[in-house]
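Starting off with a structure, shown below.
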Amino acid sequence: MAIKTYATGDAEVVKIWSKRLAREALKKCIIAPYISDSGDAMITLEPDTQKGPGDRVTVTLRMQFTGAGVTENETQEGNEEAIVTYTDNLYIGELSNAFRHKSKMAQQRVPFKLAKEGNDGLSDWHADRLDTVFFNHACGYTPANTQASNGQYNGFNTIVAPSSGRQLWTEAGTSADENLDSTGDEMTLTMIDKARELAETGGSGGLVPIRPIKGLPAGAKYVCFIHPTQATSLRTSTSTNNWMDLQKALLSGSKGDDSPIFKGGLGVYNETLLVVSNRVTQGVHSSTGAAVTDTRRAVFCGAQALITAYGQGFSPEKWEVNEETFDFKRQYAMNGLTIFGLKKTKFNSSDFGTIVLSSYAANAA
């Protein structure tokens, strides 16, 4: 157990030359605006576990009818279709973090409120963890399954690799992240075009088309999350007017850029909102399962791409805060706790609403 204290010689202790504490800026949860109990949202919030007991939600998908139907000279009886359904399971679990410090003398020595700083730190931590779990699932970043032993980085649901037909690579002919390099395998808008085509047609494999998301700004129907290094590739591309196209869409007079959903947005291209996040994961080696550090997995998302659920009394914006004192109130601790689960939707062995776009994306320095 670690207990934070401040000694008289510590840099944070009040001195005539310093009365300010430099702290990390609040890491806003980038995916929060995309969570809703609507079936047209990118992340569907399943409410059942918020209303009663249980640690698992079973989600059912009904497939579209495909028969030709009958005409007036044909008999309907004997030509009916069977309803086809598939299910997916979502588990929820408890995730908690806390801080602890010596209460009286430690607070006397510093000009900032230790309890407030700890509370803000827990808020940042929860936002960071929710985003991290989202991208681990959406990108199919399987190394996260073993980052901790009890589901702390996979939202209590096993992360699975992108399914067949739901991953594209910037290098023609390749099917492995480790094969991408700096000779033209960087991110381009052509990848967005290919992803949207695949989303709407199902591709040559005849997969279920990906449904558009409702409520996005600037006329967008889909969202594509890209890493800052992939954004740099788009900005610096000289082969096409990639960056100019994005800026024209952003400055076209739409009020969409005022939406909280647009935060982090590069612009809208081909009815796809491009959003930058440094939590977009690295690639995964096709043989070893290890991270490929110079590759990033952007992810193109439609409606119901992921599902999430929370326990009773919890939500994406609410978790339980508990305060305790120890040693005759000489030590103070605060705990932030939530019960939740999150995973990518997968029906009939196929990713339902995500397409992974792998590109070469090494850091500039």
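The values are calculated or read from the model by the stated rules, or taken from the named source; none is laboratory data. It should be emphasised that the depicted structure is a prediction, and the values quoted were computed from it without experimental measurement. Cβ placement follows ideal geometry from the backbone for every residue including glycine, while neighbour counts extend to all protein chains displayed. With ligands, DNA and RNA removed, areas are computed over all heavy atoms of the protein, side chains included. Shrake-Rupley method; radii C 1.70, N 1.55, O 1.52, S 1.80 Å.
Where the Cα atoms of region 57-172 are projected onto their three principal axes, how long is each span, largest first, in whole Å?
Principal-axis extents of region 57-172 (Cα, largest first): 91, 38, 25 Å.
Select from region 96-176 those trypsin sites (Lys or Arg not before Pro) which occupy a DSSP coil region and have at most 12 other Cβ atoms within 10 Å, ordered by residue number.
LYS113
Another question about this same structure. Taking the Cα centre as origin and putting +1 on Lys and Arg beta-carbons and -1 on Asp and Glu beta-carbons, what dipole magnitude results for region 36-143, to the nearest 20 debye?
Dipole of region 36-143, to the nearest 20 debye: 1580 debye.
Which one of PHE134, PHE65, PHE112 has the biggest mean-square fluctuation once the chain is modelled by GNM with Cα springs under 10 Å?
PHE65
Could you list, in their original order, any pairs among LYS116/LYS329; LYS116/LYS221; LYS214/LYS318 whose Cα atoms are separated by more than 28 Å?
Where the Cα-Cα span goes over 28 Å, the pairs concerned are LYS116/LYS221.
Straight-line reach from LYS104: which aspartates and glutamates have Cα under 19 Å away, leaving out those fewer than 8 places along the same chain?
Partners found: ASP10, GLU12, GLU117, GLU323, GLU324, ASP327.
Averaged over all directions, how much area does the convex hull of the C-alpha atoms of region 292-363 cover when projected, in nm²?
Here the figure is 9.3 nm², rounded to one decimal.
So what is the accessible area of region 62-121 per residue, in Å², with the probe set to 1.4 Å?
Heavy-atom accessible area per residue stands at 73 Å².
When only the heavy atoms of the protein chains count and the probe is 1.4 Å, how do VAL70, VAL57 rank by accessible area, highest first?
VAL70, VAL57
Shifting gears a bit: Comparing GLN64, GLN147, GLN304, which has the greatest mean-square fluctuation in the GNM of the chain with Cα pairs linked when under 10 Å apart?
GLN64
Sorting check: for 210-223, 315-328, 74-87, 272-285, which peptide has the highest mean count of neighbouring beta carbons within 10 Å, and how do the rest follow?
Packing order, densest peptide first, comes out as 272-285, 210-223, 315-328, 74-87.
Suppose every Lys and Arg Cβ carries +1 and every Asp and Glu Cβ carries -1, with no other charges. What dipole size does the chain come out with about its Cα centre, to the nearest 20 debye?
With Lys and Arg at +1 and Asp and Glu at -1, about 2040 debye.
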